Every structure is written in C-alpha cells, then in structure tokens.
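Read-outs: derived from the displayed coordinates by stated rules, not from any lab. This structure is a prediction, so every number in the text was calculated from the model and none was measured. Because the Cβ atoms are built from the backbone with ideal geometry, glycine has one as well, and the counts that use them run over all protein chains shown.
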Amino acid sequence: MRRMEVVPLRQSMSNFPISFDEINSRARAQALIFLPQLLPSGKQMGREWVALNPRRPDRSLGSFRINIETGRWADFAIGAKGGDFISLAAYVLDIRQIDAAKRVAAIIGAKSP
C-alpha cells in the first residue's frame, strides 16, 4: 500500500495561483469602478459606498456601507461584516471566497487562473 504525503495547509496554499492580496489591492485602487458593478444600487458618500443589501429586503440606503479605501464593509442592520473586497463579493453573490476572488479579478481586469 502506497503512503500518501500530507502537505501542510500553509505550504499547499503558497502554491495556489490566486493572490488574494494582489486582487484586493487592485480592487482598492479601482474601487469606484468595482463597487458600482457589484452594487449598482449604491452611491458614494464621502469615503464610503452606501448601497442596498441584495441579500435581504433592504428598501433604503444607510445600513450597508463599504469603505472605499480599505474594502471593509458592514450591514449594521443585521451585523454582517467583512474586511476586504473579496469577502464583500463572496457575501453579496453568496459564493465561495475563491470564486469571489476570480469574479473580482475579472471585474477589475486582474490576472486570475
């Protein structure tokens, strides 16, 4: 019987072809291009993009906010929050982080596998 080698998670992730940091960095630089495509109901208010939350019956702007400079986001009405544009896309589109990274990369024109 052949023994399988177990690769530590950190090592296996280092070989992963998607750079979450790079995609998030590029999304920050292009936030005002990215956010209207992801959340077209929104508008810029100072340093934030304020939009309707498509994951719930949201009827007025105010509680769902994204920091344009950092990508941190929160829906204060329900306590949902995240720290970057990839997690925002994963939340809004209800998809896995890896799929969200690919979607963000496609929107901003970053390289993805």
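A few notes on this one:
- On full extension, the segment bounded by Ser41 and Asp94 gains 17.3 nm, given 0.36 nm per residue less the C-alpha separation.
- Semi-axis lengths, largest first, of the ellipsoid equivalent to segment 20-113 are 21, 14, 11 Å, with √(5λ) applied to each eigenvalue of the Cα gyration tensor.
- Electrostatic dipole magnitude of segment 19-108 [Cβ: Lys, Arg +1; Asp, Glu -1; Cα centre; debye, to 20]: 160
- Restricting the chymotrypsin sites (Phe, Trp or Tyr not before Pro) of segment 57-113 to loop positions (DSSP other than H, G, I, E, B) with no more than 14 neighbouring Cβ atoms within 10 Å leaves Phe76.
- Cut-off 13 Å between beta-carbons: net charge of the residues surrounding Leu61, Lys and Arg +1, Asp and Glu -1: 0
- Relative contact order computed over segment 19-108 (Cα-Cα under 8 Å; 6+ residues apart), in percent: 27
- Sparse packing (at most 15 other Cβ atoms within 10 Å of the Cβ) combined with a DSSP loop state is found for the following GluC sites (Glu not before Pro) in segment 14-113: Glu69.
- Over all other residues within a Cβ to Cβ distance under 14 Å of Asp84, the charged ones net out to +2, with Lys and Arg as +1 and Asp and Glu as -1.
- Calculated FRET efficiency for the pair Leu32/Ile78, C-beta based, R₀ 22 Å, to 0.05: 0.30
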